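Contents: one structure, followed by commentary.
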Amino acid sequence: MRYKTYVFDFDFTLVDATPGIVESVNYALNQVGLEPKSSDDIRKTVGMTLDDIFHELTSILDKQMSDLFISNFIFMADKVMTENTFLFDDTIKVLSKLKQSGCNTAIVTSKFHYRVDEALAKYGISELIDCIVGIEDVETAKPSPEGLLKTIDYFGNDKRSVLYVGDSLIDANTAANASVDFVAVLTGTTRKEEFLMLPHTYIAKNLTELIQYIC
């Protein structure tokens, strides 16, 4: 393997949680008196903080409305998110390959830590991830490098031995801000042409192609 530690984003990198995200967003919008948004519009916000999702979808800057949106999103997500989170077909194969090769694995995400724990437990693969840094584990969300740097410190790695894998420009900028190599996967809503504008070592169609690149 080219690196010792592989750090992954979560949504659209390892899993697809679109149904739960759409249901939770539209429930929260309804609770603040706003119209629902399309699945495509909501998918484009995945990876943002909840506050940024609200602003992106509504252009509303009112903090009270945003806070109400967030609390209602969390309420519904606690009910529906885990059951509506689905691993990509190659996720287990790729994570297992990395662990069998003696590599460290981690997740750095804007999702809540506990929600990632629930999803991994649902599929019985908690042992395939050594470290999780969620939104509640940091002071500043991605693209701040805080979560990624925290993970690097956890393993005691040299940055040159770390690769961050993600599906969004937020992920690409997170890696750049941490001075860590980045591989983009095209399993989200970001196009290859968009990634070409930012630092990257490779752009992979999916996790299977990532493994072919790093082996």
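The numbers here are math on the coordinates, done by the rules we state, and not lab data. The model shown is predicted, which means the values in this text are computed figures rather than measured ones. Every residue, glycine among them, receives a Cβ derived from its backbone with ideal geometry; neighbour counts consider all protein chains shown.
Using packing as a proxy for protection, rank 2-10, 94-102 so that the peptide with the highest average count of other Cβ atoms within 10 Å comes first. Let's see the in-between values first.
Values: 2-10: 23.0, 94-102: 16.1.
In descending order of packing, they fall as 2-10, 94-102.
With runs of 4+ DSSP H residues as the only contributors, calculate the mean residue ellipticity of the chain at 222 nm using -39,500 (n - 2.57) per run, divided by the residue total and rounded to the nearest 500. Could the numbers behind the result be given before it?
Details: 10 runs with 98 residues, N = 215.
About -13500 deg cm²/dmol.
Long-range amide H contacts for ILE132: which residues qualify at under 5 Å (H placed 1.01 Å from N, peptide plane, sequence gap of 5 or more or a different chain)?
When sequence neighbours closer than 5 places are left aside, the close amide H contacts are ILE107.
When the Kirkwood radius is taken over all Cα pairs of the stretch 18-83, what Stokes-Einstein diffusion coefficient follows at 4 °C and 1.567 mPa s, in µm²/s?
113
Starting at 0 and stepping by 5 Å, how many percent of the alpha carbon pairs of the chain end up in each bin?
The percentages, shortest bin first, are 1, 7, 16, 20, 21, 16, 10, 6, 2, 1, 0.
Placing unit charges on C-beta atoms (Lys and Arg positive, Asp and Glu negative, everything else neutral), compute the dipole magnitude of the stretch 18-83 about its Cα centre in debye, rounded to 20. Please list the in-between numbers first.
Numbers: 5 positive and 11 negative charges, 9 e Å.
It comes to approximately 40 debye.
Take the Cα of GLN64, step 7 Å along the line toward its Cβ, and report every residue of the stretch 25-41 whose backbone nitrogen sits under 17 Å from that point.
Zone members listed by number: 31-34.
Give me a comma-separated list of calculated 3J(HN,Hα) values for the stretch 132-139, in order, Karplus coefficients 6.51, -1.76, 1.60 applied at θ = phi - 60°, integers in Hz, x for any Gly or Pro.
10, 10, x, 5, 7, 8, 10, 7
Please list, in order along the stretch 58-75, the HN-Hα scalar couplings obtained from phi with the Karplus expression 6.51 cos²θ - 1.76 cosθ + 1.60 (θ = phi - 60°), rounded to whole Hz, x for Gly and Pro.
10, 6, 9, 9, 5, 5, 5, 5, 4, 5, 5, 4, 4, 5, 6, 4, 4, 4
Going highest first, how would you order 79-87, 173-181, 160-168 by mean Cβ packing within 10 Å? Before the final figure, lay out each step's value.
Numbers: 79-87: 17.8, 173-181: 21.1, 160-168: 23.3.
Averaged packing, sorted descending, gives the order 160-168, 173-181, 79-87.
Just to be sure I understand the model, the point goes 7 Å from the Cα along the line to the Cβ. What's the resulting ASN30 to GLU127 distance in nm?
About 4.2 nm, to one decimal.
Which one, SER179, VAL138, PHE112, is farthest towards the positive end of the dipole of the chain when Lys and Arg carry +1 and Asp and Glu -1 on their Cβ?
Among SER179, VAL138, PHE112, the one farthest towards the positive end of the dipole of the chain is SER179.
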